[in-house]
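Read the figures in this text as sums done on the coordinates, not as results from a lab. The shown structure was predicted, so the numbers you read here are calculated from the model rather than taken from an experiment. For neighbour counting, all protein chains shown are included, and Cβ atoms are generated from backbone atoms with ideal geometry for every residue, glycine included.
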Amino acid sequence: MQGSPTLALGNLELKVHQLTWQLALNKVLPFVTEGVNYMLKIVEGVAEGMVWGLNQKLASEGANTFVVSVTEQMSLNITAPQAPSLDASTDLISVWLDGRFVDASTGQSSQPINDV
């Protein structure tokens, strides 16, 4: 099962002291909310496109799927030293990436593990 990001602004409310400005704002705010939600849909599409591109890049790397070519001379090892953790109290997902650069010809890291 695959998921996709869902970003939406439910309601936008502004209060002012003058009645005339409040009436004008009450008429405009639904359009502002609609515009913000439209832009959030665009952001969702961009995020999904970037993830799709990363998945395609990882799939094309062959057997060593955790090394992604950054440039022709440099590759990045994106292995995770620890499993992601989910925190229900803060609604956060923590992901750790090793991020060591490796030599493309030998597949060896240029830095020892836990050196930096």
Among 32-44, 9-21, the order from most to least packed when residues are scored by Cβ within 10 Å on average: 32-44, 9-21
Proximal lysines relative to Lys15, as straight alpha-carbon distance under 22 Å, when same-chain residues fewer than 8 apart are discounted: Lys27
